[in-house]
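Peer 1: Here it is: the structure, laid out below.
Any read-out appearing in this document is the output of simple, stated calculations on the displayed coordinates, not a laboratory observation. Bear in mind the structure is a predicted one, so any value in this text is a computation, not a measurement. Reconstructed Cβ throughout: ideal geometry from the backbone, glycine too, with neighbour counts over all protein chains shown.
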Amino acid sequence: MSESDFINRWAEQASDRLNPILVKETRQALKSKQFLATFAIMLLGGWLISAFVLMSMIGANDESPIGKNVFPWYFTLLSFTVMLVVPFGAFRSLLAERDLNTYELLNITTLSPQQIVWGKWLSAQVQTFIYFSAISPFVAFTYLLRGVDFPTLIFVLLALMFASMLVALMSLTFSTFARQRQAQVVLSLVLLGQLVWIMGASITTGTLLVSRNSIDFSDPAVYWGGLVIGTYYVALFVLCLQIARAQLTFESDNRSTGIRLSGSAIFWLTIGWLSIGFHQGYFGGTSPSTNLATEPIYSTLSVLAVFWGAVCVFAATETETLSRRVRGQLPKNPLVRLIAVPFLPGGGRGMLLAVGHLAALIGLAFLVQRSLHGPDRVHAMNFTSAVSCYIIIYAGLAAVMGRWLRSATPLFRPAQTRAFAIVMFAVMWMVPNIFTILRGSGRTTNELLYLTDPVHSLVRVSGGGPWAGKIMMALSIAASLVVLLNLRTMLRGLAEVVLLREPPPDVPEVIPDIEPVSSDMRRGVMLDSAVAPEPSTTS
Amino acid sequence: MTEETTTTATLDPPPPPEVAPTIELHHLHRFFGNLKAVNDVSFRVHPGEVMGFIGPNGAGKTTTMRILATLDVPTAGDAFVGGYSVVDKPDDVRRILGFMPDSFGKYQNVNVIEYLDFFARAYGFRGAARRDAIERVLEFTELGKLAEKPIDTLSKGMSQRLGLGRTLIHDPQVLVLDEPAAGLDPRARVELRELIQLLATELNKTVLISSHILTELSEICNSAAIIEAGQILASGSRDAIMKGHRRIGPEGTTALEVRVAENVEKLQRWLLEQPRISAVRIAERHARFEFAGNEADQAQLLKSMIEAGIDVIAFHGRAESLEDVFMAVTKGITQ
Ligand SMILES: Nc1ncnc2c1ncn2[C@@H]1O[C@H](COP(=O)(O)OP(=O)(O)OP(=O)(O)O)[C@@H](O)[C@H]1O
Ligand SMILES: [Mg+2]
């Protein structure tokens, strides 16, 4: 056996372990003009920049370190490829599978949706890796020119690599939403705009960091900050992966649990960091401070509320009944099923997810409040409760509306319900304000009229003015009413999973009654499978 | 005996009913909003059987086949492939089913062997098993000579071969082919037909094949299901369908066919004036119709036809073809 034969065989055996899509796409990329062109442009650009620098050095007679001034050029070149070309390529490549109808061919192989996303993502990373390798000699050259701090340089390059990894995954996730042609064009443009923007931001940040040498690696705050960013990075990565996976999974399969779990993880991660921050800020000093720094808490909670609100609206507007496929996969132990309820698909269970998490959040806020003394403690508690009420109201109303619309016309799918709900909330938000503008005489004195404007009400509640109590009362009543409106669905959702009780369909019955499949039919053709009847979902 | 019956004789007759079916549709429904694309469809296909799935455009063939291939789920009812429900056990179904959609794109910068290699990997084949699978398919489809050719430069016929090859890469027991012969020239069609016949007779695979090119289906299928507007109008073995369906013409008539040198319109006008003739259908340069009368009357008919100045070049009785059945049972409903 010749040496090249041996290498070939070894490469083939190694490739057996790789993701099939990665193997295919790498083969394609090596033959593709776009990849070769980008690679050539990069090398050529690198050489041109270097030649230019060398020429200017010959002319100049001072010995000033010029690495700082050269680095931005290489960095721009690298950012252009790994933040724009590669992510957009990943986006295009998943879209192309759909366009060509090849996606369905992949789908009926034994590849899982997750493997498909991974394969596409890994192929993008191979390219990123090649581009990084191509630029590294030039970056080393920058260092030789002096004026740049080595740790900062490495840090900036690593940060760019991680950023590009996440951006590539986000682009892939984005592409799973483009089903129709028109959507593809629009989403392509939107993504391109976003990518250009992100690329600009990363070039600016990277350049600034290197030119100022502004990272002080002896400061513990850098590491704390890194840890916070790192955990969110991982969580966001997993969330994107779950969304992409859900998008590529069949409707009748479980498209919800992954998203619910990763959403919940981000929820608790935020609460965790908030608690640590609060603990450090409040008890970290020598004596407990009397004043609570409410601003950062309010803004963190507000961002969390927007995120969690989105997760809840998504979960609560799903269709109710579990598909037969999901039913078949339910755990056997009723206790495990009980714990799993809020994370299983279905609008009623989505409400359980929302209510459960927010109840826990309010409970926590209550505990914190009891350990505090200042006047802000009540306001912080009110703020948390009010935000939770808003989420419940929005998610619950969307769920009720979705059920109602679906029973009116089967054309209304969860996606339409969500879009409709968002538009409705935006309108509710604007109406009192438009009214105020029309009246032309400033705001009315009755703050309750602004209840549908969450920002206005939250400011009032956290400010602790005379209306705070009334607004809180109104919000609690509204939230309770919305929960009541959803109570039946929530209980049904619970019973469906725990007691394996099938609720009546929420789509009007248009299908004629079908006699159950006879056992003789289920036996099918495999003689060995004739012994075991199809496992029934009630077992 | 007509040519059609002789071709089918090369295929084994459909297996006796006690052999369990590999494809079984059980009151399958698929609605898109108010459109009932598939509306209570039930039929069975057995190993070694090639079933033609015939229906006009928009009848619901592709929708049914996509459900079988686990690419879509039924609104109600179920379908079983090899005994596995497509709703509950899609992964098991995928292992034993090969689906060839009516159109599929081609990757760029991929050659024939890399294409097959990719799908072999996607079906989980490793090492020697993968090489064997590719080898087997290249040999069966005779694509070995084109192994290094980029797939986006293949001709339509070769692409369809490659598509069939891809469908066969995991050696599935059941094949679902959606209009595999569409757009092929006659030669490529015959070649494809031979491949499919081989699959059923030699390898005992179950084949469900859709088309609206009826002549082609009647040559390879030993059974058929005729669908229109989402509903099955007739299904079963070819002979059973032929016997069972309502005849086009009234009882006691004979199916006749006349071919003319040119001016088929003149023939049509003339035929429509004749009292004993019904169910006239005109195709390019020939007419088919039902005639009430004995052989002497037929001779008389031919004579008067020639006297009327019609340039008859052929005049003969005709065994019923699948096309007749199709025309008889479908009503031209579109939705
Ligand atoms: N995803 C979909 N959404 C809405 N309607 C659909 C969808 N897919 C198919 N239909 C409709 O279902 C009906 C059946 O379509 P189908 O593609 O199954 O027909 P077909 O028998 O394969 O026709 P053809 O011979 O043209 O391929 C058509 O009226 C079609 O418009
Ligand atoms: Mg079709």
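Peer 1: Here is a list: A:SER218, A:SER252, A:SER302, A:SER262. Which entry is touching a helix residue (DSSP H, G or I) at 6+ places or on another chain (Cβ under 9 Å) and either of a type in the set (Lys, Arg) or farther than 30 Å from B:VAL86 by Cα (or both)?
Peer 2: That would be A:SER302, the only listed residue that is touching a helix residue (DSSP H, G or I) at 6+ places or on another chain (Cβ under 9 Å) and either of a type in the set (Lys, Arg) or farther than 30 Å from B:VAL86 by Cα (or both).
Peer 1: Just to be sure before I move on: is B:LEU162 crowded, with 17+ Cβ neighbours inside 10 Å, away from every other protein chain (no Cβ under 14 Å), among the hydrophobic types (A, V, I, L, M, F, W, C) and within 23 Å of B:LEU208 (Cα to Cα) in the structure I sent?
Peer 2: Here the answer is no, as B:LEU162 does not meet what is asked.
Peer 1: Among the residues of segment B:34-48, is any within 9 Å of ligand 1 (Cβ to nearest atom) and either over 21 Å from the mean Cα position of the chain (by Cα) or without any contact (Cβ under 8 Å) to a residue 24 or more places away in the chain (or both)?
Peer 2: Yes.
Peer 1: Moving on to the next point. Return a yes/no flag: does segment B:99-108 have any residue that is within 16 Å of ligand 1 (Cβ to nearest atom), surrounded by fewer than 20 Cβ atoms within 10 Å (Cβ to Cβ), at the interface with chain A (Cβ under 7 Å from one of its Cβ atoms) and not small (Gly, Ala, Ser).
Peer 2: So far as segment B:99-108 goes, yes, one or more of its residues are within 16 Å of ligand 1 (Cβ to nearest atom), surrounded by fewer than 20 Cβ atoms within 10 Å (Cβ to Cβ), at the interface with chain A (Cβ under 7 Å from one of its Cβ atoms) and not small (Gly, Ala, Ser).
Peer 1: Now a separate question. Within segment B:82-99, is there a residue that is in contact with a Phe, Trp or Tyr (Cβ under 6 Å, 6 or more places away or on another chain), of a type outside the set (Asp, Glu), more than 10 Å from ligand 2 (Cβ to nearest atom) and closer than 27 Å to B:LYS156 by Cβ?
Peer 2: No.
Peer 1: Can you name the condition, by its number, that A:THR409 falls short on among (1) within 14 Å of chain B (Cβ to nearest Cβ); (2) touching an Asp or Glu at 6+ places or on another chain (Cβ under 9 Å); (3) among the hydroxyl-bearing types (Ser, Thr, Tyr)?
Peer 2: Here A:THR409 clears every test but (2).
Peer 1: Tell me, please, whether a residue that is within 16 Å of ligand 2 (Cβ to nearest atom) and away from every other protein chain (no Cβ under 14 Å) can be found in segment B:169-181.
Peer 2: Taking every residue of segment B:169-181 in turn, at least one turns out to be within 16 Å of ligand 2 (Cβ to nearest atom) and away from every other protein chain (no Cβ under 14 Å).
Peer 1: Just give me the residues in segment B:43-71 being facing chain A (nearest Cβ under 10 Å), away from ligand 2 (no atom under 13 Å from the Cβ) and of a type in the set (Gly, Ala, Ser), in sequence order.
Peer 2: none
Peer 1: Among the residues of segment A:32-43, write down those that are over 16 Å from A:PHE132 (Cα atoms) and surrounded by 15 or more Cβ atoms within 10 Å (Cβ to Cβ).
Peer 2: Scanning segment A:32-43 gives a single hit, A:SER32.
Peer 1: Any residue that is without any contact (Cβ under 8 Å) to a residue 12 or more places away in the chain, more than 12 Å from chain B (Cβ to nearest Cβ) and of a type in the set (Phe, Trp, Tyr) - is there at least one of those in segment A:139-149?
Peer 2: no
Peer 1: Filter segment B:72-83 for residues that are within 7 Å of chain A (Cβ to nearest Cβ) and in a strand (DSSP E or B) and give the result.
Peer 2: Hits for segment B:72-83 are B:ALA76, B:GLY77, B:ASP78, B:PHE80.
Peer 1: Would you confirm whether any residue within segment B:113-127 is more than 9 Å from chain A (Cβ to nearest Cβ), within 16 Å of ligand 1 (Cβ to nearest atom) and not polar (S, T, N, Q)?
Peer 2: no
Peer 1: Take segment B:72-81 and flag every residue that is away from ligand 2 (no atom under 16 Å from the Cβ) and over 18 Å from A:GLN329 (Cβ atoms).
Peer 2: B:PRO74, B:THR75, B:ALA76, B:GLY77, B:ALA79, B:PHE80, B:VAL81
Peer 1: Would you call A:ARG146 of a type in the set (Lys, Arg), surrounded by fewer than 21 Cβ atoms within 10 Å (Cβ to Cβ) and assigned to a helix (DSSP H, G or I)?
Peer 2: no
Peer 1: In segment B:84-98, which residues are within 8 Å of another protein chain (Cβ to nearest Cβ) and in a helix (DSSP H, G or I)? Let's see the steps before the verdict.
Peer 2: First pass over segment B:84-98, keeping only residues within 8 Å of another protein chain (Cβ to nearest Cβ): B:84-85, B:87-88, B:90-91, B:94-95, B:97.
Answer for segment B:84-98, where residues must be within 8 Å of another protein chain (Cβ to nearest Cβ) and in a helix (DSSP H, G or I): B:PRO90, B:ASP91, B:ARG94, B:ARG95.
Peer 1: Also, I was wondering about something else. Only one of these is within 16 Å of ligand 2 (Cβ to nearest atom), over 26 Å from B:ARG131 (Cβ atoms), polar (S, T, N, Q) and in contact (Cβ under 8 Å) with a residue 24 or more places away in the chain: B:SER211, B:SER223, B:SER218. Name it.
Peer 2: Sole residue among the options that is within 16 Å of ligand 2 (Cβ to nearest atom), over 26 Å from B:ARG131 (Cβ atoms), polar (S, T, N, Q) and in contact (Cβ under 8 Å) with a residue 24 or more places away in the chain: B:SER211.
Peer 1: Among the numbered criteria (1) over 26 Å from A:ARG17 (Cα atoms); (2) within 24 Å of the chain's Cα centre (by Cα); (3) hydroxyl-bearing (Ser, Thr, Tyr), which one does A:SER56 miss?
Peer 2: In the conditions (1) over 26 Å from A:ARG17 (Cα atoms); (2) within 24 Å of the chain's Cα centre (by Cα); (3) hydroxyl-bearing (Ser, Thr, Tyr), A:SER56 misses (2) alone.
Peer 1: Would you say A:SER211 is over 26 Å from A:GLY272 (Cα atoms), surrounded by fewer than 18 Cβ atoms within 10 Å (Cβ to Cβ) and in contact with a Gly (Cβ under 9 Å, 6 or more places away or on another chain)? Explain how you work it out, then say what you get.
Peer 2: Numbers: over 26 Å from A:GLY272 (Cα atoms): yes; surrounded by fewer than 18 Cβ atoms within 10 Å (Cβ to Cβ): yes; in contact with a Gly (Cβ under 9 Å, 6 or more places away or on another chain): yes.
Yes; evaluated as a whole, the condition is true for this residue.
Matching residues to (1) in a helix (DSSP H, G or I); (2) in contact with a strand residue (DSSP E or B) (Cβ under 8 Å, 6 or more places away or on another chain); (3) closer than 30 Å to A:LEU322 by Cβ; (4) small (Gly, Ala, Ser):
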site	(1), (2), (3), (4)
A:TRP197	yes, no, no, no
A:THR207	yes, no, no, no
A:SER211	yes, no, no, yes
A:ILE215	no, no, no, no
A:SER218	no, no, no, yes
A:GLY226	yes, no, no, yes
A:PHE250	no, no, yes, no
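Peer 1: Can I ask one more? Restricting attention to segment B:122-174, report how many residues are at positive phi and not in a helix (DSSP H, G or I).
Peer 2: Initially, segment B:122-174 is screened for residues at positive phi, giving B:124, B:127, B:142, B:171.
Pick out the ones that are also not in a helix (DSSP H, G or I) and you get B:124, B:142, B:171.
Matching residues across segment B:122-174 total 3.
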